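The values are calculated or read from the model by the stated rules, or taken from the named source; none is laboratory data. Small disclaimer: the values here were computed from a predicted structure and weren't measured. Cβ atoms come from the backbone with ideal geometry, glycine included; neighbour counts cover every protein chain shown.
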Amino acid sequence: MTEPAWNELRLEDCRQALEKNGFRAWVARSKEKALDLVRENYLSDGHITSASWGDSLTAEDLGVVDLVRNARGVDFIETFDSTAGQDVILERRKQALLTDLFIAGTNAVTLDGALVNLDMVGNRITGIMFGPKQVLLCIGANKIVPDLEAAMARVKQVAATQNALRHLCKTPCVKTGRCMDCKSPDRICNTWSIIERCHPRGRIGVILVDQNLGL
């Protein structure tokens, strides 16, 4: 079996598993298709009037964040504004939990349809689990793993380490390239979330993209 065909099967298996677990799920073969899905399912009828996001490289690279940010009638709360002070950012992150739409990614998704994430502060996983009326997750094919054990290993050894480097954290993993289970004040591995089912059904939408995206 060729690699493209194998990827297609994995994406479809994951999509079906997510839907069985109460998520809305789609497969996008391209950036353009992903943006079309956002337009059709979230921006077409005007019911999204407020939105924010939880630092997703995948959603940003696909153009999803800018699409929603610039959509007519949408008040977009900027939670990663380098010109704002920490007190302002903290207040905006609280406001983001009351929006109509919260955009994020995930550190890993299992083939049986569970989302696995690890946060430093917790605003991202909080927004995914509770608060915003709807959640949209953009997930690259590289985030799909066989099971929970593989998901947690990926999060610690790949996603967390690379995110620590991206955010210029002063942690041992930035120097070693692997998790050291540190006690650093800059540690970003603080709060786990494992979402096995979506409640209420359909609140969380997932776009699986047939590309390697994000960390």
Please find, within region 80-122, the residue that is farthest from CYS198 (Cα to Cα) out of those that are at pLDDT 95 or above and polar (S, T, N, Q).
GLN95
Only listed residue being farther than 18 Å from ALA104 by Cα and not in a loop (DSSP other than H, G, I, E, B), chosen from ARG39, ARG10, ARG15
ARG10
Looking at region 110-129, is at least one residue touching a Gly at 6+ places or on another chain (Cβ under 6 Å), in contact (Cβ under 8 Å) with a residue 40 or more places away in the chain and of a type in the set (D, E, K, R)?
yes
Taking the residues in region 101-124 that are among the small types (Gly, Ala, Ser) and closer than 16 Å to LEU62 by Cβ as candidates, determine which candidate is surrounded by the fewest Cβ atoms within 10 Å (Cβ to Cβ).
ALA104
In the list ALA51, ALA34, which residue meets the criterion of being touching a residue at least 24 places away in the same chain (Cβ under 8 Å), touching a helix residue (DSSP H, G or I) at 6+ places or on another chain (Cβ under 7 Å), buried (at least 20 other Cβ atoms within 10 Å of the Cβ) and farther than 25 Å from TRP6 by Cα?
ALA51
Look at VAL68 and say whether it is over 16 Å from ILE139 (Cβ atoms), assigned to a helix (DSSP H, G or I) and in contact (Cβ under 8 Å) with a residue 24 or more places away in the chain.
yes
Considering residues of region 165-215 that are polar (S, T, N, Q) and assigned to a loop (DSSP other than H, G, I, E, B) only, the residue surrounded by the most Cβ atoms within 10 Å (Cβ to Cβ):
THR171
